Structures are given as C-alpha cells and as structure tokens.
Amino acid sequence: MAAKPVEYNATIIHKKLHTPTLGVFRVRPDEPIGGFIPGQYAILGLNHSEKGGVMRAYSIASPPCVHEDYYEFYVRYVNQPTSTNPLTHLLFEAEEGDRILMRKRIQGHFTVEKTMGLDDPRMRVLVASGTGLAPFTSMVFEWHHQLGHTRNSAIVHGASYPTDLGYREELEEVMNRGEQQRYLPTISRPKEVPGWDGLTGRVENHFAPESIGVLEERLGLGEGGFNPRNCTVMICGLQGTIANTLTSLLYRGFVPGDRKLRRVFGIPKDLEASLFFEQYDTTPIIDTKDEALVSELVERLRAAGVPAGEDAAAAR
C-alpha cells in the first residue's frame, strides 16, 4: 500500500551537483517559515508516483541570515537505501522549479547555544564526514556574517576525494587567514589524487593518540594542547566517524554530552560536557552491551582524570 502523498508548499530554486551523487539544493517555501539556530534541521518530502510520499530530516547548511530567500541543504545520494522509497532518489531527479514539501517546524538541539554555549571561550573543533558538514557551514557562515570572524572555530572535514569536499572554497575564504588555517580537509583516497598536499586519511583517524599531534600543530595548540581545557568538540556524520572520534578523545578526557553514554561510563551528572554529536544513521554509537569495550573506555576516562560518578555496571 502506497504511503499518503505529501502536500507541497515550497519550490526547489537551485540545484548544484558537485558529483553525480553529491549536491546542494536550495528550497524556498511559499510562505515564510522563519529563522532558526545554526545546527538545526528541517523535514523535506517528495512524492513517488507509485509508492506515495516520503519525508526525511536534513540539517540546514545555509546560515540564518539568508532564510528569507531560501534554505540550503547538502545531500548525498544513498546508493544502498534501507527504504524502498528513498527520498534522495527522488530529490536527485528533481530540477529547479520543481515543487517539494518543507515542513514548517525547524528543530534540533545540535547547536552551540544548546551545548557548550556561545560565550564559551575555548576553541570549537567541528568534525564532519561527508554531508555531516552541513550544520557547521550554517554555523561558521552565520558567525562570519554577524561578526566578520568564525568565533575561534575550526572545521576538520573528511571525504573520499577533493570533489567531495563541498563548500571547500567558501570555507577556505572565511576560515583560513594568512598562517591561521582553521579549515582542515582530509581525503581518504590520496593515491587516486596526484598533487594533493592536504591531510590524508579518514577524518576520525586524525584524533587517534598517535595522530592527534598533527592537528595540535596545525591548530596552534601545542603538544598535548588538544584537551577539554582548551577545546570543545562537535561531531556530525556516520556512526564510524562519531564512534572512533569519540573513543579516541576519551584518552584526552573529553566528556560526552549524550545522557546514555554518561550513565554507562559512570560520569558524574554535574560534570560539564565537552563533546557533542549529531547522528545521521540509527546504528548505536557504542555497543553498551559489550562489557569489555565499555570497561576499556571507562579506563580511558579514568586515566585522563575524569572522576567516577554512579556505578557504570549498574547503569548498564
């Protein structure tokens, strides 16, 4: 039985494909929806001629300062969808001028305001893989528009090839000033890209104990300076990016804001969080049923000086 069709209330006014499977879409609602906080998401929807309507959530990639004209979304085509009616298949077939649904309620808590707070003076390290970059472009472009700078933030963005580094030129323009390099792209298939002189490897690998020194040098933090006293971390992307970045940074004493992980790790309720994430898939970040894994991760926190709170075994 086909799903109920969605009612269109907006128009795709711009479509730009970086590659056949990676694109930027600008959507203009028929009636004003209003502003939002960078990091929030909206629901888009389209109709399949036989399968009916489908809706999915996408982080808004554009800054709030342009919301009266459009909302921009950074989307990857899903080659192996779990749904029989994937939205990306319809979206990538759409053209400028086609109609679409954009639900009026914009929501989400993956914002600086709702995590560490805008007044936090520490360097804000924004870690993204693929289209997980979207909430961070909204943030830095808005800050640059408002203030002329990007609030002591750095973006570490991973992709397979340079062509997959959406917004690269725009981010270099607003984040890299002279010797200060705060936009750090990394590609995982450098052998296929002769002449690439940037970081290489998956983005999460740069936070491993044996690799993090390179980031410290690039960001001017000094040896051992990538720690919660100097930095906060926000991560957006797939499960592997989040899980591996998070577990590596436990060695440095970063405390996750996720409530379930805090309970499992036995982190005191009043201990300030310094690491936050937004997940695009449904795979659990950590297998909390794996007692050996959880014990190892707890030991990393304790060795880094994070005190014990409630009993982690009881929490599990």
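Things worth noting here:
- Of 303, 273, all but one fail to be out of contact with any helix residue (DSSP H, G or I) (no Cβ under 6 Å at 6 or more places or on another chain), within 22 Å of residue 156 (Cα to Cα) and surrounded by fewer than 20 Cβ atoms within 10 Å (Cβ to Cβ); the exception is 273.
- Meets criteria (assigned to a loop (DSSP other than H, G, I, E, B), at negative phi, exposed (fewer than 13 other Cβ atoms within 10 Å of the Cβ) and without any contact (Cβ under 8 Å) to a residue 12 or more places away in the chain) for residue 169: no
- The residues listed here are 45, 23, 39; of these, the one that is under 26 Å from residue 236 (Cα atoms) and not in a strand (DSSP E or B) is 39.
- When the residues of region 173-188 are filtered to those that are surrounded by 15 or more Cβ atoms within 10 Å (Cβ to Cβ) and not hydrophobic (A, V, I, L, M, F, W, C), the one that is farthest from residue 76 (Cα to Cα) is 181.
- Hey, residue 216 assigned by TED's automatic domain parsing to the domain that holds residue 164, surrounded by 16 or more Cβ atoms within 10 Å (Cβ to Cβ) and in contact (Cβ under 8 Å) with a residue 60 or more places away in the chain or not: no
- All of (1) out of contact with any helix residue (DSSP H, G or I) (no Cβ under 9 Å at 6 or more places or on another chain); (2) more than 29 Å from residue 154 (Cβ to Cβ); (3) free of Cβ contacts under 8 Å to residues at least 24 places away in the same chain hold for residue 117 with one exception: (2).
- Pick from region 39-57, criterion in contact with a Leu (Cβ under 8 Å, 6 or more places away or on another chain) and surrounded by 23 or more Cβ atoms within 10 Å (Cβ to Cβ), ranking: nearest to residue 148 (Cα to Cα): 44
- Qualifying residue in region 42-59 (condition: among the charged types (D, E, K, R), modelled with pLDDT of 95 or more, within 21 Å of the chain's Cα centre (by Cα) and not assigned by TED's automatic domain parsing to the domain that holds residue 162): yes
- The helices (runs of 4 or more DSSP H) located wholly in region 247-316 that include 3 or more residues which are out of contact with any Leu (no Cβ under 7 Å at 6 or more places or on another chain) and free of Cβ contacts under 8 Å to residues at least 24 places away in the same chain occupy 291-303.
The values are calculated or read from the model by the stated rules, or taken from the named source; none is laboratory data. Not measured: the values here are computed from a predicted model. No Cβ is skipped: glycine too gets one built from the backbone with ideal geometry, and neighbour counts run over all protein chains shown.
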